[in-house]
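The structure under discussion appears below in the form of structure tokens.
The values are calculated or read from the model by the stated rules, or taken from the named source; none is laboratory data. Remember, predicted model here, so these are calculated numbers, not experimental data. Because the Cβ atoms are built from the backbone with ideal geometry, glycine has one as well, and the counts that use them run over all protein chains shown.
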Amino acid sequence: MKKFFIAIMALTMTLGVCAQDSIGNARPERRESNRPGRQRREFTPEEVAAKQAMDLKEKIEGISDQQYEQIYAIYLWRAQESKHERDSIMANRKEGERPQMNREKMQQRENVVVDALKLILDEKQYAAYEKLQNEQRQRMRQRMRQRQMQRREGERMEGLREPGRMSDDNMF
């Protein structure tokens, strides 16, 4: 009976180790996200460019196939440049450094994209593009305000729980 029990325990431990190894290696295209217990898929520059170009084509009327191809090429260039910069930052982080994304480079890339879109799109299409960009900026600002308010509320609640202050935990 003891041998049977030991064999079952060994089998269980072996299966546990194999399962952990296969979970980590099952999807190499995924990487860890900021949230514990969750993984996030890292898209290729081609996937990012195709999605962005298709979204723009769906949201702006009259974009031809030729314009789509040009927009895709511009977005692909931007996605490749961004990935290259992210990869170099991640490599430096593994070496112990804490570099940040270069805001100036990002702005320069965005300016190149905007200038190219001005040449690709006609006036009506470009006006619709600018409207979409403004709406997106407004949504982003709103999300930032909400996060700040949540952070402040959290800090305020932490301040109420300072040692020596009366709370539900130390009432009795």
Total residues in the range 116-134, condition surrounded by 11 or more Cβ atoms within 10 Å (Cβ to Cβ) and either of a type in the set (Phe, Trp, Tyr) or more than 19 Å from GLY62 (Cβ to Cβ) (or both): 2
Any hit, the range 95-106, residues being touching a helix residue (DSSP H, G or I) at 6+ places or on another chain (Cβ under 6 Å), under 20 Å from ALA49 (Cβ atoms) and part of a helix (DSSP H, G or I): no
Residue identified as within 24 Å of the chain's Cα centre (by Cα) and either of a type outside the set (Lys, Arg) or at pLDDT below 85 (or both) among GLU158, GLU123, GLU162, GLU97: GLU97
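Which of the following residues is at pLDDT 90 or above, within 16 Å of ALA49 (Cβ to Cβ), part of a helix (DSSP H, G or I) and of a type outside the set (A, V, I, L, M): GLU81, GLU130, GLU135?
Every option except GLU81 fails the conditions.
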